[in-house]
Amino acid sequence: MRAISQLLLNFLLNACWQIALITLAAALCAWLLGRTAARYRHLVWVIALASSFVLPLLTSWRLLDGKSSEQTRGQVATQTAGAGAFLADQLIPADTQSARPAPSRQVSSFVPIGRNMAALVVVFYLLLLGYRSGKLFLAWRRTKAMAGSAYPVDLPARVQKVIGECQAALGISRARIMCSTSLAVPITVGIRDPLVILPEELLQEADRDVLTSAIGHELVHVLRRDYLLNLLYEFIALPLAFHPATALLKRRIRETRELGCDELVADRLLEPAAYARSLVQLAGAAITAGRPTATITIGVGDADILEKRVMTILSRPKISLRRKNLLLAAAALVFIVSCVVAAPFALRININSMTPQGVGVTTRQGVTQEAREKEMKMHVDWKKKIGELGARREALREKMGGALTQEEEAKLKEELWRLEQQLSELERAKPEKMPDEIQEPELAKLAQIPMSQAIQIATAQQPGTVLECHLRGVRKEDREYVIYDVAILPAEGAESDVIRFAISAIDGRILGRGNRKRMTRVDREPD
């Protein structure tokens with residue numbers, strides 16, 4: 001269940017910016033293809049919708065599997081200067097430290113989120129998905145009811161003749177023609193057995209151009225299988241319904257679909273001027289009677305861009321084949337580059353129960369953060385007092401080694417005895433052990449990422465053989481850290497330096513890195 005939530009949250013997070021980027025790229029491509037046929041722009045918007053679903057899904061799946069080479073970019077975070085230096089000093093010998101990359105060069109792709117917030121986001125998304133699915137189901141039911149209300153009718157001879165001419169010109173013979181009293185404009189429904197439903201009033205139409213426009217437009221939808229494709233687009237857009245750009249993509253697909261059908265009708269069936277006048281007349285009938293909008297039907301009155309359709313039909317631009325091919329190549333390049341650029345910069349949700357600072361942990365079950373901070377302050381104060389008293393004791397001992405009178409020596413001995421007593425009392429009152437003294441089994445309970453993931457993060461930064469990996473607890477003043485200490489032997493050779501990584505066991509951040517000379521088993525320092 002956690003893996004599914006992780007996948008879903010990664011999908012939503014990456015979809016938020018990837019869909020916006022894809023939409024911008026598609027808009028640029030559509031602008032480049034503005035003087036070409038509408039079918040090319042329609043293809044651009046369809047590919048954009050498909051990419052808006054596929055790209056975030058693949059990105060999130062690879063992040064979940066840990067197979068993406070870019071995963072490590074999401075696991076390197078900018079640390080605070082003080083904490084970063086402290087951890088490096090604790091984990092890597094000072095004389096063998098190598099220069100760490102500057103924090104400004106580190107790119108963080110981890111987005112930490114609490115478990116409660118993650119659950120809230122998942123629940124909200126599932127509710128939205130259910131709501132949109134319910135609306136799509138109701139639209140399908142209305143469409144089915146509209147198709148069920150259609151009835152066969154003996155078509156007038158002039159209508160049959162127009163239908164025959166349109167089918168011959170378009171090469172269609174499988175569409176059924178029926179009639180309905182509840183429609184204002186023709187519509188097309190059906191996947192395997194396409195059905196064109198004509199309004200009853202249209203059968204009385206005396207204008208042949210209007211009949212040809214209405215029937216021919218719907219038969220073009222059948223030829224292009226637009227009903228099936230529109231249903232497929234609705235399903236693809238369903239998990240993307242949370243993003244505002246999805247509505248724009250669907251609208252552009254609908255608009256360019258109608259423009260493409262208009263171009264085909266004007267090429268094969270009617271003169272552009274006659275077809276434009278017929279569209280205006282059909283649109284007037286639709287405005288008068290109206291039709292349900294919450295359906296998944298395809299019709300001549302779709303898209304609500306009558307003016308644009310008429311202007312496009314009457315003034316179709318002329319463009320040379322060479323220029324068209326160059327524009328198509330440029331548009332393809334723009335879109336491909338956008339997707340390739342978007343893929344590596346994946347963001348990753350890290351679900352945990354961290355404190356607001358993101359690094360705090362609790363070493364005992366039931367101890368509050370405030371109480372733990374108080375204990376840490378006590379520990380720091382204790383060590384400070386121990387250090388001050390020890391320094392005073394050494395100073396007194398140095399004085400006693402010099403030339404002193406008997407009275408001076410007695411006073412120094414008495415003061416030294418008091419210091420010894422104070423030190424003994426402080427030793428007995430030593431606070432509870434801190435994270436750097438916690439044993440590894442206890443640290444394993446605090447770690448929020450597995451050791452295998454820490455090894456994977458380190459080996460992605462430095463390929464080679466993992467010599468060791470273990471947990472450590474370290475602290476800096478009033479903060480505690482649980483980290484994985486990973487040692488890697490690079491693949492260059494036996495004399496290569498061993499690379500050590502300090503990786504946060506809370507969120508996978510790389511907190512430190514350094515080199516040291518590889519030691520053999522004989523002269524290796526004890527752990």
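Nothing in this text is a laboratory measurement; each read-out follows from the coordinates by a stated rule. Fair warning: this is a prediction, and the values are worked out from it, not measured in the lab. Glycine gets a Cβ as well: all are built from the backbone with ideal geometry, and neighbour counts include every protein chain shown.
Looking at region 187-260, which trypsin sites (Lys or Arg not before Pro) are DSSP coil and have at most 11 other C-beta atoms within 10 Å of their C-beta? Here the trypsin sites (Lys or Arg not before Pro) that fit, given the DSSP loop and packing criteria, are 192. Computed from label points 7 Å out along Cα-Cβ, the spacing between residue 280 and residue 158 is 2.1 nm.
Between residue 58 and residue 392, what length in nm is gained on full extension when 0.36 nm per residue of separation is reduced by their alpha carbon distance? Numbers along the way, then the final one.
Numbers: separation 334, 0.36 × 334 = 120.24 nm, distance 6.51 nm.
My answer for the length gained is 113.7 nm.
Between region 195-263 and region 138-165, the C-alpha centres lie 15 angstrom from each other. Taken along the Cα-to-beta-carbon direction at a fixed 7 Å, the label points for residue 248 and residue 122 span 3.1 nm.
P(r) tail for region 208-352: Cα pairs beyond 21 Å make up 57% of the total.
Tell me whether region 132-313 comes out rounded, prolate or oblate; compute the Cα gyration tensor, take square roots of the eigenvalues as a ≥ b ≥ c, and use a/c under 1.5 as the rounded threshold. It is prolate, given that a/c is not under 1.5 and a/b is the larger ratio.
For the pair residue 201 and residue 111, a Förster radius of 41 Å applied to the C-beta separation gives a FRET efficiency near 0.10, rounded to the nearest 0.05. Just so you know, the Rg over Rh for region 141-240 is 0.99, from Cα atoms, with Rh as the Kirkwood radius. The charge dipole of region 132-313, taken about the Cα centre with unit charges on the Cβ atoms of Lys, Arg (+1) and Asp, Glu (-1), comes to about 760 debye, rounded to the nearest 20. In this structure the amide hydrogen of residue 349, modeled in the peptide plane, comes within under 5 Å of the amide hydrogens of 10, 111, none closer than 5 places in sequence on its chain. Distances between placed amide hydrogens fall under 5 Å for residue 467 paired with 487, 488, 489, all partners being 5 or more residues away or on another chain.
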